[in-house]
């Protein structure tokens, strides 16, 4: 299989970024569902459904964050902080936009389920 640029795509099981996106989505969903205020008001089923919705929406968020990262990533990085500043910038552009987008998307996905549970 080749993509638009003619490069060969790896299958899902061999693409490390897709696996990283799923891991980020699961971590963000755990953070969101685990930090619910007054969590004793919600049953186990509601928390499981909120977690699943958080993972799915968090994965979509990582894909959106990856698109934004590819769109805005700088060609060169100039810093005055030395080696540690370069490492921070490289680490941010490697996973930062995906993590931020996954957090907000997981919060929206899990929050919708929690709000639905409040009405019933």
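The values are calculated or read from the model by the stated rules, or taken from the named source; none is laboratory data. Bear in mind the structure is a predicted one, so any value in this text is a computation, not a measurement. Cβ atoms come from the backbone with ideal geometry, glycine included; neighbour counts cover every protein chain shown.
Of the residues making up the range 52-74, those that are surrounded by 13 or more Cβ atoms within 10 Å (Cβ to Cβ), free of Cβ contacts under 8 Å to residues at least 40 places away in the same chain, touching a helix residue (DSSP H, G or I) at 6+ places or on another chain (Cβ under 8 Å) and more than 17 Å from residue 32 (Cβ to Cβ) are 68, 69.
Under the condition of being closer than 19 Å to residue 18 by Cα and surrounded by fewer than 16 Cβ atoms within 10 Å (Cβ to Cβ), the residues counted in the range 105-114 number 0.
Among the residues of this structure, residue 87 does not count as one that is at pLDDT 95 or above and surrounded by fewer than 19 Cβ atoms within 10 Å (Cβ to Cβ). With respect to the conditions (1) at pLDDT below 90; (2) assigned to a helix (DSSP H, G or I), residue 4 lacks only one, and its number is (2).
Table: residues versus (1) in a helix (DSSP H, G or I); (2) closer than 14 Å to residue 17 by Cα; (3) more than 21 Å from the chain's Cα centre (by Cα); (4) modelled with pLDDT under 95.
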position	(1), (2), (3), (4)
61	yes, yes, no, no
69	yes, yes, no, yes
75	no, no, yes, yes
92	yes, no, no, yes
101	yes, no, no, no
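In the range 26-59, the qualifying residues are those that are assigned to a loop (DSSP other than H, G, I, E, B) and within 19 Å of residue 119 (Cβ to Cβ), and the one that is modelled with the highest pLDDT is 43.
Checking the stated criteria, residue 118 turns out not to satisfy the condition of being under 12 Å from the mean Cα position of the chain (by Cα) and part of a helix (DSSP H, G or I).
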